[in-house]
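The structure appears below as structure tokens.
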Amino acid sequence: MKMDRRHFLRSASGLAALNFAAVPSAWASADADADAPRLLVVMLRGGMDGLTAVPPVGDADYEAIRPTIGIRGGLRLDGSFALHPAMKQLHQIWNDGQLAIVHATGFAYTGRSHFEGQDIMQSGMAKPYTSSSGWLGRAMQAAQAGGGVAISIPMPLILRGNHQASTQFPNWMPIPSEPVAQALTQVWASDPLLAPLAPVIQTESLRLRQTQGVRPDFATARSLPELGRLAAEEMRAPQGPRLGLIDFTHGFDTHASQGGDTGSHADLLATLDRVVAAFKTHMGPMWAKSLVVTVTEFGRTAAENGTTGTDHGVGSCCLLAGGLVHESRVYAQWQGLRKPQLFEGRDLPATTDVAAVYARVVERVFGLPPALINEQVLAHRKNPALKGLLDLG
Amino acid sequence: MPPQATPLVHRFTRRVAFGLRADAQLPADPLNWAQAQVAQVPPIDILERDGTRRADLPEGMRLLWEMDEVMTAFHRHQEAERASFAKGRSLPREQYAEERKREIEIPYHRLEHWKEAQARASTALHGAAPVFERFWHFWANHFMVAPGNQNNDTLVGPFQRSLRTKMLGNFRDLLWHATVHPAMLVYLDNNENTGPRSRAVREGWTRRSVNENLGRELLELFSLSPEGGYTQQDVEATTLLLTGWRDMKPDRHHKPGVPLGTYFDFNHHEPGAQTVMGKTYTAFVRQDSKLADLVTDLAQHPATARHLARKLCVYFIDDEPPPQAVAHVEQVFRQSRGDLPAVHRAVIEMCWAHIASTRKLASPEAWLLQCLTLTGLDLPRAIPVDDRGGIKTHYLLGDLGQPIPRCPQPNGWPIRSVDWISKELMDRRVRYAGLLSNDLGRQPAAMVRMLEVQSERHLAEGSAEQALVRTALARRDLRSANTLLHVSPSLLWA
């Protein structure tokens, strides 16, 4: 193959192929309400350490179980909790009254396997590998809320089940020629898995061919904060997708040398902070109608392990940021960090079912009735500790 | 025997290999053709079309095989990282970035990963036994070691290639080899896993203790799978059994005479007995025998045979493989005590027996290799020695959605067809096929012949896809014909 990538990038069609937002997306829903709430879900794979992201500085036992990797310079939230110092923008959002945190939360699953856990956090089922659809996909299908975009090359399980959901990721390769784009519908017609993709590719090729836009920064276009911006550019449009998804495909599995105020876990949180900040900036006024929510498969051992890291555990924390949050607050049923208070003597327990948090998110964003959510989207245990979460201001 | 219809035989060649070139003969006995390829280990290198080693590689670039060389390269990389880190504190930002690129990024990231990816792809295309390569891809995926931990970039390729000779032995030896290989010990942090009652801790040489990373994956991913029914206590006991198993490299701690590679450090090992799945492991004869005994038991556990039989069948046959196929592979696995050539032959036999009623979507890598095989084009040749343009094989794989070797997580790349389907994944295949069409268009006469041969072989007579390719050919739109051929359901699936 002789194609010169850089030469290609200078050519007009290449630059057009990198522009995403100039005209409505192929999957934008025609009947979308321009003001409808927008939801950005950020998946944090590997198991985020909730005691690093939101250290329980008010707990007298915290320093003792985290002698090396404990967070010392946390940004103050309330008397009990702080925010990791790498998340300065999120702290500003807290000060603006737009950050809710649920702590000691997780799914009912306690098997501590990444891969079972990542299946459950997306399928929303009690057991791993039992569903081919995800809770977001089912929620959108139930709400008939068209449009959902994973800023990713593969389609994550969490969005499957919504027939209008699609994927989007910066790509330098030339768009399909017109005859090919047109023939795809026929070529894939007999294949139920491929057939729905043909009209999307066809419409999108058409749109990209007409677009003269220029996006000169392909080298950095695939960084996570840039993907946050891309999600916002898609979602803020009046006909844009109501739901976006950013996937930290790995990284939170910090078994060794995870660091404290600085270091490898701090770097991940700083990236998360930049993703949220980029999304907020580029949503513009639509931030007021937006919600960003984090999802992770499990938390980690309460005490640091023998290699200045943490092993697989159970409870973690969940961040909810955006204009749909009307009161900055940490929601937690906190039992403490002493051995008898931990799950099986080692992990922060999930005293709040995170499925109840996501059920509330789905209710607020897509307007689905709670009973339907419990039946079709996410079975969950109601929790009084969540009272007030995402209530109207 | 399934019907010998030509498209089915060709589907089989795509399922267990990457299809056949237009000038290659259809094997008279497809089953035998495939099974014969798993009987020997074909050599691997960065190959030319004729199977010889590429001669225009940068000076000194070669695949490392000897453990001494591998551990020395690993150590050099770590030293280079340390030196670079120190420079970062003193040099101005731009100069530092420039030096870091020269000293770390180009040699240890770009060139190292390109070298291994190019060897893997060119050996699949031009090597002696593409069916063997398919099974090697399976095992390198099962025992995933990916770059990204402790500067392990130079360990990844040598580890993956070291699995090849083990594929002629039994599963127990492969499991042992992979578990205690320094690349695995580093990737899953076991080189730091230290017994809380080890001598090193008792005497205060270290503040380290246990790290469960490898212990859990040994049970979950490599052998029993969660269906094997182990508990958290079993994970913790396995972790203790693994304490002290670490890598030995030529750093300042290396004592003369100690071989480089895998090292069992009894001073960091948890003494005494541990119980896993109800069986107690003690070191009566040799200090390091506890782990060897556990690995033997895990390899022979019925849950392991079930797990591997199912995984092989999902990988090669169908997301929902026929139960008889899984049962047959499982039976062969157990009866042969994990004899891998026998297991591989059984998988091939089941692929062939069920070829008409099953299908697998080719992974991005398998599809790329199939495109190149069917068209007769070669891999991109560009070597990332500097910032000059040109497509590089490993980046192209990333553009298609499978950035080998950078697998995000230790469970490997997806093995189910549905996980390889999305608008982006398919759009990228359409676009890449378009690039291939541009390349082929330079020799229209040869392109027409290739398109005629391959569409007749792979597309069913009277199908819509065949009609579309023929229509494009009839109006001399060779590029569309080629693109549509490669993205037809018949060629996306095998």
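Approximating the spin labels as points 7 Å out from Cα along Cα→Cβ, the A:GLU344-to-B:THR471 distance works out to 5.9 nm.
Here r is the Cβ-Cβ distance between A:GLU63 and B:SER336 and R0 is 41 Å; the resulting FRET efficiency, rounded to 0.05, is 0.15.
Counted by neighbouring Cβ atoms within 10 Å, the residues A:LYS339, B:LYS255, B:LYS115 run from fewest to most as B:LYS255, A:LYS339, B:LYS115.
With each label modelled as a point 7 angstrom along the Cα→C-beta vector, the B:ALA39-B:ARG252 pair spans 5.5 nm. When each of A:ASP96, B:ASP318 is scored by the number of other beta-carbon atoms lying within 10 Å, the sequence from fewest to most is A:ASP96, B:ASP318.
Bridging of B:LYS255 to lysines at a Cα separation below 27 Å is possible for B:LYS290, once same-chain residues fewer than 8 apart are set aside. My understanding is that a pair violates if its Cα-Cα distance is over 25 Å; which of B:LYS115/B:LYS311; A:LYS88/A:LYS289; A:LYS127/B:LYS423 do that in this structure? Where the Cα-Cα span goes over 25 Å, the pairs concerned are B:LYS115/B:LYS311; A:LYS127/B:LYS423. A straight line joining the Cα centroids of the range B:211-249 and the range A:165-215 runs 45 Å.
Dividing the radius of gyration of the alpha carbons in the protein assembly as shown by their Kirkwood radius gives 0.95 for Rg/Rh. Taking every full run of DSSP H in chain B, the ones that stretch at least 27 Å from end to end by Cα along their long axis and average -1.0 or higher on the Kyte-Doolittle scale are B:67-90. With a length cut of 15 Å (Cα positions projected on each helix's long axis) and a Kyte-Doolittle mean of at least -0.5, go through chain A and give me the DSSP H helices that pass. Span-like helices in chain A: A:197-210, A:224-235, A:264-283, A:354-366. Counting only DSSP H runs of at least 4 residues, each contributing -39500 (n - 2.57), and dividing by the residue count of chain B, the helix-based mean residue ellipticity at 222 nm comes to -16000 deg cm²/dmol.
Annotation for the range A:113-133 versus the range B:128-177: alpha-carbon center distance of 28 Å.
Averaging the Cα positions of each part gives two centres, and for the range B:408-478 and the range B:46-71 these lie 32 Å apart. For A:LEU372 and A:SER80, a Förster radius of 35 Å and the Cβ-Cβ distance give a FRET efficiency of 0.50, rounded to the nearest 0.05.
Expressed to the nearest 5 percent, the antiparallel share of DSSP beta bridges inside the protein assembly as shown is 50 percent. Straight-line reach from A:LYS280: which aspartates and glutamates have a Cα under 18 Å away, not including same-chain ones fewer than 8 places off? Once the sequence-local aspartates and glutamates are set aside, what remains near A:LYS280 is A:ASP35, A:ASP96, A:GLU226, A:GLU233, A:GLU234, A:ASP247, A:GLU327. If you plug the beta carbon distance of B:ARG62 and A:ASP391 into 1/(1 + (r/R0)^6) with R0 = 60 Å, you get a FRET efficiency near 0.40. Ranking of A:GLU297, B:GLU94, A:GLU63, B:GLU424 by neighbouring Cβ atoms within 10 Å, starting from the fewest: B:GLU94, A:GLU63, B:GLU424, A:GLU297.
Bear in mind these aren't lab numbers, they're just calculated from the coordinates by the rules spelled out. What you are looking at is a predicted structure, and each value in this text was computed from that prediction instead of being measured. Counting neighbours? That spans all protein chains shown, and the Cβs are built from the backbone with ideal geometry, glycine included.
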